[in-house]
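See structure below.
The values are calculated or read from the model by the stated rules, or taken from the named source; none is laboratory data. No experiment lies behind these values; they were computed from the predicted model shown. Using ideal geometry, Cβ is built from the backbone for each residue, glycine included, and neighbour counts are taken over all protein chains shown.
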Amino acid sequence: MSNEISRRTFIKGAAAAGVVLSASGCFSWNGRNIPEKVRRGDVTYDVLIIGSGGAGMRAALAAAGNKDRKVAVMTKLVPTRSASTMAQGGMNGVTGLTDPTDSIESHAFDTIKGGDYLCDQDAVEYFAERAGKNIFEMDYMGYPYNRQEDGHFHSRKMGGHSHPRAAYFEDRAGHAMVHTLFEQCLDKGIDFISECQMLEISMAGDKLAGVIAMDMRTGNFIGIPAKTVLIATGGYGRAYWVRTSNPYSSTGDGIVAGMKVGIPFKDPEMVQFHPTGLSVNGVLLSESSRSEGAILLNKNRERFMEKYAPEKKELATRDIVARSIATEIEEGRGVGEGLTAGVYLDFTHIPAERIHERLGQVYDLSKRFAGVDITKEPVLISPTCHYSMGGLEMADFHTGETRVPGIYTAGECSCVSVHGANRLGANSLSEVLVFGHTAGDGAAAYAKGHPYEGSQDQLAKDCAKWKDHFDEVTTRPHEGNRTVPEIRDAMVQTMWFKAGVFRNGPQLEEAAKELAKHEEDYKKCYVGDPSHVYNTAFEQYVELGNLLQISHAIVQGAIARKESRGGHTRRDFPKRDDANFLKHTLIFKDETGYRAEYKDVVITKYPPKERKY
Amino acid sequence: MKYALFPGCVLEGAAAEAYTSLKKVCEAIGLEIEEIQNWTCCGASHAQGVSDLASLAVNARNISIAENLGLPILTVCNTCTLQLRMAKYRLDHDTALKARVNGILKEAGHPYEYKGTSEITHFLWLLDQHPELFEGKVTGALAGMKVAGYYGCHILRPHEVMNYEEGEHPESLERLIRRLGAEPVWFDASRKCCGFHAQFGAEHDVMTVTGQIAASAARADASLVVTPCPLCQMQLDMYGPEGREAVHSDTEMPILHLQQLVGLAIGMSKEDVGFNRHVTGQSKLKIG
Amino acid sequence: MQATLNIHRFVDGKKWVQTYKVEVQTGMTILGALTEIKEKQDPTLSFACSCRSSICGACATRVNGNAELSCEVLVEGLMKRYRSEELTIEPLGNFRVIRDLVVDWDPKYARIKKIRPVVHPKDEFSAEKGCLQSPADFNKYKKLAGCILCGSCVSECNKNALNEDDFLDPFAFVKALKIATDTRDKDAKDHVKAAIDAGLWACFNCQECTAKCPKGLDPAGAIEKLKALSFQYKLDDNVGARHAKAIYDDIQESGTLDESKLNIKSEGFLAAGLRLPMALRLMNVGKMNPMEKHPVNPEIKTIDAVVKAAEAAEKEEV
């Protein structure tokens, strides 16, 4: 019996074995996930924000500053489930409260150096000037900051920073941000369009018409007219699926929608790998593991960091440690094989009490997911994709606009560029605040000065197209077709081993070919759920389609960038090459495929130097 | 085996049968109990809503009297157990709070300070840990009888404080019912709340759940309900008529205190255990 | 080791229980098992999840009748707890179900709004310069800020199960207390009042919410603290507050509860009079004797002094 047949038989058998109960009245519901006026089709939003993480909600609050503006936040989940909640460390900003000697210049310099000089320095200056202000504002909004004796919020020092400048709430800085912004949004009566999967941005010619989305609850395809659309959909770490610390929702939906309407994907190859993800599932073990003294051992129990960074050893920067671990595994000194191969992270020399006191979460995660008591034995870890520096090109960081009129972007899905080739700790949350704020203001100002020029007909046409697509896709037979998870797993094999921590020309070329094959499979893949109600199988199908395009862009960007810089490491070009690559990759997508262009990095007063810590 | 008994208010009042039956059962099984002298109400899960510190201090006083006797504390009420254990938990985990409360006791002229030396257990847990106390004495009076064990809330939750067993999956009551010669039944309301503490805040809902619990036990084919909490017992028994009305049911279900069931199992009569003081199910109890 | 999962399905108006078997791997959480089923056995099984690190709150479900964060609990651990290879998985209780394990959050957000869920900063603070708060004052509410809105606390809430219209979800009370104890806020009394209006005194005190919180918060305790604040702000003119106060006063006046007078103290003479049939019923079986004089604890002076000293100490702290 073939694998597929046995599976189907199982499903049928299980369904038959299931006890069919009648649907009772208590299960009926009238969804309020979408405002009534959207259902009726009689609202044109001034600002329609896609994504309800930190950037999206901060943008909504800015855009709704004037009560006359019609602002909505759309999310594929419900408002507080975003990747922002997972940020632990804090949000950087120069406030002068904890360390009066800190300066905007210092924050800018640290950021630029950390980004391996791929940051646009004017944007970084703009960012550093405003980060502190946004942190003060959050205090006024009710962010539960940890405090210092004088009553001001306290800031701590993060890796790569020369001053303590990260304000925080415990070890859950992002969680507190999201919930504070959500409280504000509830209070201000911001419209949420929840549980709607964005499918595309609809254009009537070169005029923005609105957004096409699937209402997960009804399966209806809805076209929402908007004068401006602000994309804040988060990163694309799920291109590496199990080898990422990102949530399941980080599938680059907004980036793909933006590329489709002509916005370039800037620096897609710039992906940050965190050295210590659990081998079994990519979940992050905090940086504090190493700062508390955990050591890394290969399968021969050799402390290999002595070889790669004789002085700092495990305390070397994230990228160096990640590359060292990847080298050990590649050269056969890792434990296990494939995506879950790893090296040992050993805590056993640290007193158990100290582990429980300071590394409680690391202890819990290791115990839960790997079944390992780290006070007694080492746990297997390997690098995990942690952050996407690349994203939709922000054409003007003063407004958050892209090169397509009416479309704005902010947060991890955007590329400003503030982070360059590598993001520093606690800069992501501040970026979300600064540019969420800026883009919200920018979009609202645009909406004020422009009439709606899209067309409802176009929206209806696009909805009809998606409906047909849904019907076709969800009723495909299983036989002869690969499933969505099968194709996704194949994509991860390609991305992790050929476009992961280390890259080289021939492997990247292979990766491009393999991705093309996966895309062929995708075109006829098996989804397996025809229901219109909360069809997560179809949603995952859409997300995989997005991830495949994201992966293509990563590979194209990596092929073209023949140097090593920040998160991008080419074995065949191990050095940074400022003469040829002090510039941004811009990947465009059209009917003919992917095309790369370049744009010079903006340098103001921080000339590129060798990055040394 | 000797314990300092914290009877709790209702055993002195409306649930006096719970006290008389407890005394009889303890005597029969050789468990020595000495009432904590001049104890006060535990706060009945309400006093902390007026003043948390006062409620804590009052219970520290209660516990300190038992500590002075050098005895562990035994309770027969879920809510008393929770209030006392919660006080102990907080005082034992927070030395500053303990010092503060001891300061209050001293200032008020109470002769003992709270030390944290007396454990606090519930009658159900004690019997579960020491089946030897009654095992030879079980007569078989409950043979074939289906009994619904109704835990109530405060003997299980919060888990951190009431950590005798898995709060999501307790089994002590069923184990005891079996050891007493009856057959425990599973019913879906066994861990529900009887609503006693919200009598005034949500009367209609409380009557509804009162009816639901009895009906749930009846659906499981139980012939009686036993509970380790006199407050649950009072709610389900005294308000039986209103409960039945609320859920439009005519099922009358005898609701026994735990010690009454033990008494019946070791050969006592209905009168011995004070069943004549019950409101509900007088004609339904076919033992003793 | 194999686990049998009986999953409550609800799709397009049909409701049934479907049985799946999964091979239990090291580190397999309930979410891991659900994912494996969806990927390898049945693509139609629907559930919500996002971060799989117990911070986003998306994936709470009910296993054998108890709410759990499905990304956090191990299948193996639950099999051990329930001493069974068979586990039953349902959507959270006290939520409307959309499909399978996916529940409807919209009504919940509307309910959070009832407690005015936002800090109203004092006049001396500004958006430009932020606020001031001592570390000690921060410590008073920091635990409450850890709520992830996963809905576990309301799943087994006994009050919500009976009627949710005159009571809020425990997480909403947590938020109310968080803001009411945040010293940056100038309207603490308003938030407490909003909590009372939204059903504060209807809580059953069943402790299910506290038992279920995966982040170790204590919603039941939060409700009690809001009650105590309602006395501080003199918002105590309601039957629930009078009942609590009557019990409290009994301790101070006699040491124990005077059951025969509790009703009258809580509800007043008239309403208590309506309970006459009940009283007669109790007198009939000897459970109540209005003629009997309630005894007074011989150490009542000390007890009264304990209560007063505690009250004084509490006031000092405020």
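Here's the yes/no breakdown for (1) surrounded by fewer than 24 Cβ atoms within 10 Å (Cβ to Cβ); (2) in contact (Cβ under 8 Å) with a residue 60 or more places away in the chain; (3) among the charged types (D, E, K, R):
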residue: C:Phe138; (1), (2), (3): yes, no, no
residue: C:Tyr141; (1), (2), (3): yes, no, no
residue: C:Cys147; (1), (2), (3): yes, yes, no
residue: C:Lys159; (1), (2), (3): no, no, yes
residue: C:Asp165; (1), (2), (3): yes, no, yes
residue: C:Ala172; (1), (2), (3): no, yes, no
residue: C:Leu177; (1), (2), (3): no, no, no
* Do you know which residues across segment C:283-302 are facing another protein chain (nearest Cβ under 9 Å), under 25 Å from B:Gln37 (Cβ atoms) and of a type in the set (Lys, Arg)? -> C:Lys301
* To do: Six or more apart or on different chains, Cβ under 6 Å: which pairs go from a residue in segment C:28-50 that's charged (D, E, K, R) to one that's in a helix (DSSP H, G or I)? Could you list them?
  => C:Glu39/A:Pro485; C:Asp42/A:Ile11
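Let's see how each residue does on (1) at pLDDT 95 or above; (2) closer than 13 Å to A:Gly400 by Cα:
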| site | (1), (2) |
| --- | --- |
| A:Gly420 | yes, no |
| A:Leu424 | no, no |
| A:Leu433 | yes, yes |
| A:His437 | yes, yes |
| A:Gly442 | yes, yes |
| A:Ala447 | yes, no |
| A:His450 | yes, no |
| A:Lys461 | yes, no |
* Structure fact -> Selection from segment C:16-36 of residues hydrophobic (A, V, I, L, M, F, W, C) and crowded, with 19+ Cβ neighbours inside 10 Å yields C:Val22, C:Met28, C:Ile30, C:Leu31, C:Ala33, C:Leu34
* Asked: Is it the case that segment C:151-159 has a residue that's more than 30 Å from C:Gln25 (Cβ to Cβ) and assigned to a loop (DSSP other than H, G, I, E, B)?
  -> yes
* To do: State which residue is nearest to B:Cys41 (Cα to Cα) when the search covers only segment B:200-216 and only residues that are surrounded by 24 or more Cβ atoms within 10 Å (Cβ to Cβ) and modelled with pLDDT under 95.
  => B:Gly201
* To do: Please find, within segment A:159-176, the residue that is modelled with the lowest pLDDT out of those that are more than 9 Å from chain C (Cβ to nearest Cβ) and crowded, with 22+ Cβ neighbours inside 10 Å.
  => A:His161
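One line per residue, one yes/no per condition, for (1) modelled with pLDDT of 95 or more; (2) outside any loop (DSSP other than H, G, I, E, B); (3) within 24 Å of A:Arg243 (Cβ to Cβ); (4) of a type in the set (D, E, K, R):
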site: A:Gly528; (1), (2), (3), (4): yes, no, no, no
site: A:His552; (1), (2), (3), (4): yes, yes, yes, no
site: A:Arg576; (1), (2), (3), (4): yes, no, no, yes
site: A:Glu597; (1), (2), (3), (4): yes, yes, no, yes
site: A:Glu610; (1), (2), (3), (4): no, no, no, yes
* Identify, please: which residue in segment C:88-119 is within 7 Å of another protein chain (Cβ to nearest Cβ) and of a type in the set (A, V, I, L, M, F, W, C) and is, among those, nearest to the chain's Cα centre (by Cα)? -> C:Ile112
* **Single residue of C:Glu39, C:Glu85 found to be at the interface with chain A (Cβ under 7 Å from one of its Cβ atoms), surrounded by fewer than 20 Cβ atoms within 10 Å (Cβ to Cβ) and either farther than 20 Å from C:Cys213 by Cα or in contact with a Lys or Arg (Cβ under 7 Å, 6 or more places away or on another chain) (or both)** => C:Glu39
* Asked: Can you pull out the strands (runs of 3 or more DSSP E) entirely within segment A:152-252 that have at least 3 residues that are of a type outside the set (Asp, Glu)?
  -> A:196-204, A:207-215, A:221-231
* Structure fact -> Requiring at least 1 residues that are over 25 Å from the mean Cα position of the chain (by Cα) and more than 7 Å from chain B (Cβ to nearest Cβ), the helices (runs of 4 or more DSSP H) wholly within segment C:165-282 are C:239-253, C:259-267, C:269-273
* If you check B:Gly243 against the conditions, is it surrounded by 24 or more Cβ atoms within 10 Å (Cβ to Cβ), of a type outside the set (A, V, I, L, M) and free of Cβ contacts under 8 Å to residues at least 24 places away in the same chain? -> no
* Asked: Among the strands (runs of 3 or more DSSP E) contained in segment C:1-99, which hold 1 or more residues that are of a type in the set (Ser, Thr, Tyr) and in contact with a helix residue (DSSP H, G or I) (Cβ under 8 Å, 6 or more places away or on another chain)?
  -> C:14-23, C:60-63
* To do: Could you list, in sequence order, all residues of segment B:157-187 that are within 26 Å of B:Gln83 (Cβ to Cβ) and charged (D, E, K, R)?
  => B:Arg157, B:Glu160, B:Glu165, B:Glu166, B:Glu168, B:Glu171, B:Glu174, B:Arg175
* Structure fact -> Sole miss for C:Ala305 among (1) facing chain B (nearest Cβ under 8 Å); (2) under 24 Å from C:Ser260 (Cβ atoms); (3) surrounded by 15 or more Cβ atoms within 10 Å (Cβ to Cβ) is condition (2)
* Asked: How many of the residues in segment A:177-193 are crowded, with 24+ Cβ neighbours inside 10 Å and at the interface with chain C (Cβ under 8 Å from one of its Cβ atoms)?
  -> 2
* Tabulated pairs, segment C:56-70, first more than 14 Å from chain B (Cβ to nearest Cβ) and within 23 Å of A:Ser245 (Cβ to Cβ), second in a strand (DSSP E or B) and not hydrophobic (A, V, I, L, M, F, W, C), C-beta under 6 angstrom, 6+ apart or interchain -> C:Ser70/C:Thr61
* Evaluate the following for A:Ala131: is it modelled with pLDDT of 95 or more and within 14 Å of chain C (Cβ to nearest Cβ)? => yes
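Per-residue answers, yes or no, for (1) on the phi < 0 side of the Ramachandran plot; (2) touching a helix residue (DSSP H, G or I) at 6+ places or on another chain (Cβ under 6 Å):
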residue: A:Tyr308; (1), (2): yes, yes
residue: A:Asp319; (1), (2): yes, no
residue: A:Ile325; (1), (2): yes, no
residue: A:Gly336; (1), (2): no, no
residue: A:Tyr344; (1), (2): yes, no
* To do: Name the residue, out of A:Phe470, A:Phe502, that is touching a helix residue (DSSP H, G or I) at 6+ places or on another chain (Cβ under 9 Å), more than 14 Å from chain C (Cβ to nearest Cβ), closer than 30 Å to A:Arg40 by Cα and surrounded by 15 or more Cβ atoms within 10 Å (Cβ to Cβ).
  => A:Phe470
* To do: Would you point out which residue out of C:Glu76, C:Glu23 is among the acidic types (Asp, Glu), more than 7 Å from every other protein chain (Cβ to nearest Cβ) and farther than 26 Å from B:Gly167 by Cβ?
  => C:Glu23
* Asked: Just to be sure, is C:Phe125 in the same structural domain as C:Ser155 (by TED's automatic domain parsing), among the aromatic types (Phe, Trp, Tyr) and surrounded by fewer than 20 Cβ atoms within 10 Å (Cβ to Cβ)?
  -> yes
* If we keep just the residues of segment B:254-284 that are away from every other protein chain (no Cβ under 14 Å), touching a residue at least 40 places away in the same chain (Cβ under 8 Å) and under 11 Å from B:Leu224 (Cβ atoms), which is surrounded by the fewest Cβ atoms within 10 Å (Cβ to Cβ)? -> B:Lys284
* Structure fact -> Those residues of segment A:439-467 that are surrounded by 19 or more Cβ atoms within 10 Å (Cβ to Cβ), closer than 20 Å to A:Gly223 by Cα and either among the small types (Gly, Ala, Ser) or within 14 Å of chain C (Cβ to nearest Cβ) (or both) come to a total of 3
* Every residue from segment B:217-233 that is surrounded by fewer than 24 Cβ atoms within 10 Å (Cβ to Cβ) and part of a helix (DSSP H, G or I) -> B:Ala218, B:Arg219
